[in-house]
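Comments concern the structure below.
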Amino acid sequence: MTPVNFRFETDADGVALLTWDMPGRSMNVITLDVMRELDEAIDKVVADAAIKGCVVASGKDNFSGGADLTMLEGFSRQFADLAAKEGEEPATQAFFDGTRKLSQLYRKLETCGKPWAAAINGVCVGGAFELALACHYRVAADDDRTRVGLPEIKIGLFPGAGGSQRVPRLMQTGDALQMMFKGEQLKGAVAQKMGLVGEVAPAADIVAKAKAWIKNGGSPVAPWDRKDFRLPSGKVFSPAGMMTWPAANAIYRRETMDNYPAAKAILHAVYEGLQLPMDLALRVESRWFASILRSKEAAAMIRSLFVSMGELNKGARRPKAEPASKVKKLGVIGAGFMGASIGYVSAMAGIEVVLIDRDQASADKGKDISRNLITAQINRGRATSADRDALLARIEATDDYSKLAGVDLVVEAVFEDRDVKATAIKKAEAAMGAETIFASNTSTLPITSLAENFSRHEDFIGIHFFSPVERMMLVEIIVGAKTGPKALAHAIDFVRQIKKTPIVVNDTRGFYANRCVLNYIREGHLMLIEGVPPAMIENAGRMAGMPVGPLSLNDEVALDLGWKILQAEKKDLGPQAIDPRQEKLLETMVVKQQRLGRKNGKGFYDYPEKGPKKLWAGLGELQSAHLDPDAIDVEELKQRLLATQSVEAARTVEEGVVTDPREADVGSILGFGFAPFTGGTLSYIDGMGAKAFVEMCDKLAAKHGDRFAPPKLLRDMAAKGETFYGRFPPAKAA
Ligand code: NAD
């Protein structure tokens with residue numbers, strides 16, 4: 001059959017060129033059709049005596065992003081169907097056979113008897129890099145865009161088409177494990193240094209270089225299929241191996257807290273595979289791959305971090321009837337900590353920025369933040385001084401509100417004070433265009449009430465960034481009671497333009513992310529007061545899968561901020577709205593001790609000028625008891641730290657603040673690092689089932705208080721056996 005996804009041609013020297021160029025797609029991906037056509041191409045190369053060997057290249061800007069994950073999801077669906085019809089065993093066999101087809105295909109290429117070389121341009125990751133690894137030679141482009149790597153771990157998977165076996169046969173075991181654990185993507189020159197590619201060359205020459213390798217007699221036998229092959233780090237059972245493996249186990253534990261089965265599977269597959277000849281090693285890898293593909297963690301991570309995030313990034317929640325908008329010029333009011341960085345990320349995305357503050361000096365100081373940030377990029381070799389000059393030329397720092405005439409969107413980031421904001425909003429409205437949308441970056445003030453200061457309520461919206469803006473990928477878009485579809489569409493278009501992920505939430509105190517994460521911090525505070533050793537609280541947070549413990553996190557965001565929020569809640573909602581124990585703790589820390597967190601060098605931790613931070617020795621005096629660490633149930637600490645966030649997320653759904661489970665899940669991972677292996681706050685509940693979650697919360701509530709009491713929605717879902725994704729099916733992108 002004529003291939004659809006590849007072009008096949010042979011030059012006068014008898015070297016074939018297989019150009020991968022899938023029609024109608026911006027990026028090549030591995031599908032069942034691609035696999036079939038590649039299989040046919042291998043047969044053709046073998047069958048035609050006139051063909052010496054074959055180069056695989058891409059007809060696109062990138063080589064390929066790897067396997068089509070919907071194909072992998074298809075295997076899981078087929079498994080479920082077959083298991084229901086014919087039972088677990090035949091379904092498992094079919095699943096194993098299906099999921100190892102790609103690995104077998106690559107092995108067929110590797111052992112076909114003729115030399116293959118890969119010419120790699122742009123991104124070449126996952127299953128695509130595994131194809132390149134199965135080729136006998138690799139030439140990578142030497143440009144900045146070219147990257148090779150095996151990032152599967154980031155969505156709970158691991159390289160299942162030979163990657164876990166070929167990489168540690170090409171480079172030191174420790175480096176190979178690290179590369180796969182981290183899902184690192186390497187530039188061509190680095191990959192060459194590590195032994196993963198044979199040669200780097202200008203992009204225009206890679207095909208010619210790969211062909212030259214074949215013409216010059218490149219061997220069709222992979223190193224590991226030769227009798228004299230030696231593993232780069234020596235045998236597993238050897239003195240060198242004994243240096244590697246115990247440390248590898250320890251690093252695995254430290255980095256994953258045993259929460260990521262895919263990382264453990266990498267360890268197993270490499271350890272077991274390196275003791276076997278290649279064909280058996282690949283079979284071992286396939287077994288681990290099949291078991292990981294069926295894991296709860298992989299399913300949750302693929303859904304949240306690949307499928308849902310992709311859909312949100314495409315604007316799944318955008319009102320479809322609104323015409324597309326683009327910001328050419330942005331107005332930012334308030335050039336402080338947040339405003340300056342909002343200006344920076346926008347200017348980095350090519351947008352012209354008018355950066356306004358109360359006086360010229362403050363505005364200039366805000367612009368300096370951009371200068372500092374891009375200088376740091378230059379120092380890391382990621383930008384040039386020409387980039388810096390162009391970036392700074394796009395930012396106009398001023399104290400003149402009339403410069404807002406002609407901007408396509410205004411984002412306000414002045415002090416978190418109703419009166420200051422009211423003045424800024426009014427001054428902006430007088431200067432900006434009559435059609436332009438106004439957005440506030442407030443973190444606590446209701447959008448609906450702020451909109452009262454603006455005459456066009458429907459054109460007023462919240463665009464809530466997280467700090468540090470240049471690193472945090474999430475943006476919460478807050479829809480006020482009267483916000484219209486045009487404002488929502490413009491806000492989503494802007495967030496996409498600056499390459500961040502938008503979630504859309506309805507107006508409420510704390511919106512979504514802060515509500516959940518403040519509960520995490522509060523739970524840490526309460527554990528401290530109860531008498532749990534501080535180090536144990538912090539470790540329990542990380543063991544639960546959070547990036548940092550609750551006390552560290554509080555130090556980062558500043559204790560006085562938490563204190564202010566608590567006081568505001570008390571004032572607005574009454575004393576019963578807050579926990580008096582937490583209030584007392586923060587009062588001691590902030591008001592009496594002036595311990596504000598990292599920003600003034602003392603919080604729950606001390607921050608010495610030299611050396612790492614240390615838990616403050618005075619914390620013991622804030623505790624009502626000192627519990628015996630051996631008598632504390634660590635599993636319960638972990639449950640408390642995650643459940644307090646998830647139960648809050650469920651409340652936001654019940655209240656209609658969050659309406660789409662994808663947004664709660666993706667928002668929780670991107671916004672505050674909620675244990676990614678769970679798939680996010682709501683997937684954590686779906687993963688264990690609403691019934692089990694409600695039982696756990698009831699137990700925690702009986703022991704620790706009503707803050708764990710499950711909302712009615714959860715009880716209802718538990719009774720009916722429902723999931724969030726079943727009860728609130730997400731809408732498809734336009
Ligand atoms: P900040 O104090 O660093 O910056 C505020 C800036 O606004 C200052 O430079 C100030 O001079 C300027 N300003 C005050 N009145 C002004 C006026 N009338 N016109 C022009 N400029 C004026 O504060 P920040 O931390 O950047 O916070 C700004 C907003 O962002 C607040 O609403 C805050 O709640 C929100 N926010 C903060 C964070 C955070 O982590 N700090 C996160 C999300 C949202």
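The values are calculated or read from the model by the stated rules, or taken from the named source; none is laboratory data. A quick note: this is a predicted structure, and the numbers were derived from the prediction, not measured. Every residue, glycine as well, gets a Cβ built from its backbone with ideal geometry; the counts of neighbours run over all protein chains shown. SASA here: full protein model, heavy atoms, side chains in, ligands and nucleic acids out. Shrake-Rupley method; radii C 1.70, N 1.55, O 1.52, S 1.80 Å.
Regarding Ala290, is this residue touching a residue at least 12 places away in the same chain (Cβ under 8 Å), in contact with a Lys or Arg (Cβ under 8 Å, 6 or more places away or on another chain), of a type in the set (A, V, I, L, M, F, W, C) and away from the ligand (no atom under 16 Å from the Cβ)? Working first, answer last.
Numbers: touching a residue at least 12 places away in the same chain (Cβ under 8 Å): yes; in contact with a Lys or Arg (Cβ under 8 Å, 6 or more places away or on another chain): yes; of a type in the set (A, V, I, L, M, F, W, C): yes; away from the ligand (no atom under 16 Å from the Cβ): yes.
It is true that Ala290 is touching a residue at least 12 places away in the same chain (Cβ under 8 Å), in contact with a Lys or Arg (Cβ under 8 Å, 6 or more places away or on another chain), of a type in the set (A, V, I, L, M, F, W, C) and away from the ligand (no atom under 16 Å from the Cβ).
Is one or more of the residues making up segment 411-418 over 32 Å from the mean Cα position of the chain (by Cα), within 12 Å of the ligand (Cβ to nearest atom) and either open to solvent by 70 Å² or more (accessible area, probe 1.4 Å) or not assigned by TED's automatic domain parsing to the domain that holds Val475 (or both)?
Looking for residues that are over 32 Å from the mean Cα position of the chain (by Cα), within 12 Å of the ligand (Cβ to nearest atom) and either open to solvent by 70 Å² or more (accessible area, probe 1.4 Å) or not assigned by TED's automatic domain parsing to the domain that holds Val475 (or both), one finds at least one in segment 411-418, hence yes.
If you go through segment 183-204, how many residues are more than 29 Å from Ala263 (Cβ to Cβ) and in contact with a helix residue (DSSP H, G or I) (Cβ under 7 Å, 6 or more places away or on another chain)?
Result for segment 183-204: 3.
Consider only pairs whose beta carbons are under 7 Å apart and that are at least six residues apart or on different chains; among these, list those whose first residue lies in segment 348-369 and is farther than 22 Å from Ile425 by Cα and not assigned by TED's automatic domain parsing to the domain that holds Ser467 and whose second residue is away from the ligand (no atom under 12 Å from the Cβ) and assigned to a helix (DSSP H, G or I).
Sorted first by the residue in segment 348-369, then by its partner, the list stays empty.
Taking segment 478-493, which residues are surrounded by 24 or more Cβ atoms within 10 Å (Cβ to Cβ) and within 16 Å of the ligand (Cβ to nearest atom)?
Ile478, Ala491, listed by residue number.
Look at segment 628-654 and say how many of its residues are farther than 13 Å from Val532 by Cα and open to solvent by 40 Å² or more (accessible area, probe 1.4 Å).
Number of matching residues: 4.
Does segment 379-410 hold any residues that are open to solvent by 40 Å² or more (accessible area, probe 1.4 Å), of a type in the set (Gly, Ala, Ser) and not in a helix (DSSP H, G or I), and which are they?
Those that are open to solvent by 40 Å² or more (accessible area, probe 1.4 Å), of a type in the set (Gly, Ala, Ser) and not in a helix (DSSP H, G or I): Gly381, Ala405, Gly406.
With the structure loaded, tell me whether Lys691 is in contact with a Gly (Cβ under 8 Å, 6 or more places away or on another chain), open to solvent by 20 Å² or more (accessible area, probe 1.4 Å) and modelled with pLDDT of 95 or more or whether it fails that test.
So Lys691 passes the test.
Any idea which of Val4, Val45 is farther than 26 Å from Ser304 by Cβ and not in a helix (DSSP H, G or I)?
Within the list Val4, Val45, the selection yields Val4.
It is to be established whether one or more residues within segment 442-454 are within 14 Å of the ligand (Cβ to nearest atom), open to solvent by less than 10 Å² (accessible area, probe 1.4 Å), part of a helix (DSSP H, G or I) and closer than 22 Å to Leu670 by Cα.
The answer is no, given that none of the residues of segment 442-454 is within 14 Å of the ligand (Cβ to nearest atom), open to solvent by less than 10 Å² (accessible area, probe 1.4 Å), part of a helix (DSSP H, G or I) and closer than 22 Å to Leu670 by Cα.
For the list (1) of a type outside the set (S, T, N, Q); (2) more than 27 Å from Leu293 (Cβ to Cβ); (3) open to solvent by less than 10 Å² (accessible area, probe 1.4 Å), I need the number of the one condition that Pro168 fails.
Every listed condition holds for Pro168 apart from (2).
Exactly one of these conditions fails for Val548: (1) over 27 Å from Met472 (Cβ atoms); (2) outside any helix (DSSP H, G or I). Give me its number.
Among (1) over 27 Å from Met472 (Cβ atoms); (2) outside any helix (DSSP H, G or I), Val548 violates only (1).
For segment 317-324, check the following and say yes or no: at least one residue is within 25 Å of the chain's Cα centre (by Cα), open to solvent by 10 Å² or more (accessible area, probe 1.4 Å), of a type in the set (D, E, K, R) and within 20 Å of Ile498 (Cβ to Cβ).
Yes: segment 317-324 contains one or more residues that are within 25 Å of the chain's Cα centre (by Cα), open to solvent by 10 Å² or more (accessible area, probe 1.4 Å), of a type in the set (D, E, K, R) and within 20 Å of Ile498 (Cβ to Cβ).
Can you pull out every residue in segment 56-90 that is free of Cβ contacts under 8 Å to residues at least 24 places away in the same chain, within 36 Å of the chain's Cα centre (by Cα) and open to solvent by 30 Å² or more (accessible area, probe 1.4 Å)?
Answer for segment 56-90, where residues must be free of Cβ contacts under 8 Å to residues at least 24 places away in the same chain, within 36 Å of the chain's Cα centre (by Cα) and open to solvent by 30 Å² or more (accessible area, probe 1.4 Å): Thr70, Arg77, Gln78, Ala80, Asp81, Leu82, Ala84, Glu88, Glu89, Pro90.
Can you go through Ala422, Ala434, Ala390, Ala386 and tell me which one is within 16 Å of the ligand (Cβ to nearest atom) and either at pLDDT 95 or above or in the same structural domain as Ala349 (by TED's automatic domain parsing) (or both)?
Numbers: Ala434 fails: within 16 Å of the ligand (Cβ to nearest atom); Ala390 fails: within 16 Å of the ligand (Cβ to nearest atom); Ala386 fails: within 16 Å of the ligand (Cβ to nearest atom).
Sole residue among the options that is within 16 Å of the ligand (Cβ to nearest atom) and either at pLDDT 95 or above or in the same structural domain as Ala349 (by TED's automatic domain parsing) (or both): Ala422.
Hey, among the residues in segment 163-218 that are of a type in the set (Val, Ile, Thr) and closer than 18 Å to Thr244 by Cβ, which one's nearest to the chain's Cα centre (by Cα)? Explain how you work it out, then say what you get.
From segment 163-218, those of a type in the set (Val, Ile, Thr) are 167, 173, 190, 197, 200, 206-207, 214; that's our starting set.
Of the ones still in play, those that are also closer than 18 Å to Thr244 by Cβ are 167, 173.
Values: Val167: 24, Thr173: 26 Å.
Here the answer is Val167.
Identify, by number, the condition in (1) more than 13 Å from the ligand (Cβ to nearest atom); (2) open to solvent by 10 Å² or more (accessible area, probe 1.4 Å); (3) in a helix (DSSP H, G or I); (4) over 21 Å from Asp408 (Cβ atoms) that Tyr520 doesn't meet.
(2)
Anything in segment 523-544 that is outside any helix (DSSP H, G or I) and surrounded by fewer than 24 Cβ atoms within 10 Å (Cβ to Cβ)? List them, or say none.
Result: Gly531, Val532, Pro533.
Only one residue in Gly310, Gly331, Gly336 is open to solvent by less than 30 Å² (accessible area, probe 1.4 Å) and within 16 Å of the ligand (Cβ to nearest atom). Which one?
So the residue among Gly310, Gly331, Gly336 that is open to solvent by less than 30 Å² (accessible area, probe 1.4 Å) and within 16 Å of the ligand (Cβ to nearest atom) is Gly331.
Write out, first by first residue and then by second, each pair whose Cβ atoms fall under 8 Å of each other, whose residues are 6+ apart or on separate chains, and whose first residue, in segment 556-582, is among the acidic types (Asp, Glu) while the second is assigned to a helix (DSSP H, G or I) and within 15 Å of the ligand (Cβ to nearest atom).
Correct list of pairs: Glu556/Arg598.
For the subset of segment 345-378 comprising residues that are under 25 Å from Thr423 (Cβ atoms) and of a type in the set (Ser, Thr, Tyr), which member is least open to solvent (accessible area, probe 1.4 Å)?
That would be Ser346.
So which residues in segment 30-55 are β-branched (Val, Ile, Thr), free of Cβ contacts under 8 Å to residues at least 60 places away in the same chain and open to solvent by 10 Å² or more (accessible area, probe 1.4 Å)? Break it down into steps so the answer makes sense when it comes.
From segment 30-55, those β-branched (Val, Ile, Thr) are 30-31, 34, 42, 45-46, 51, 55; that's our starting set.
Among the residues that remain, those that are also free of Cβ contacts under 8 Å to residues at least 60 places away in the same chain are: 31, 34.
Residue satisfying the conditions is Thr31 alone.
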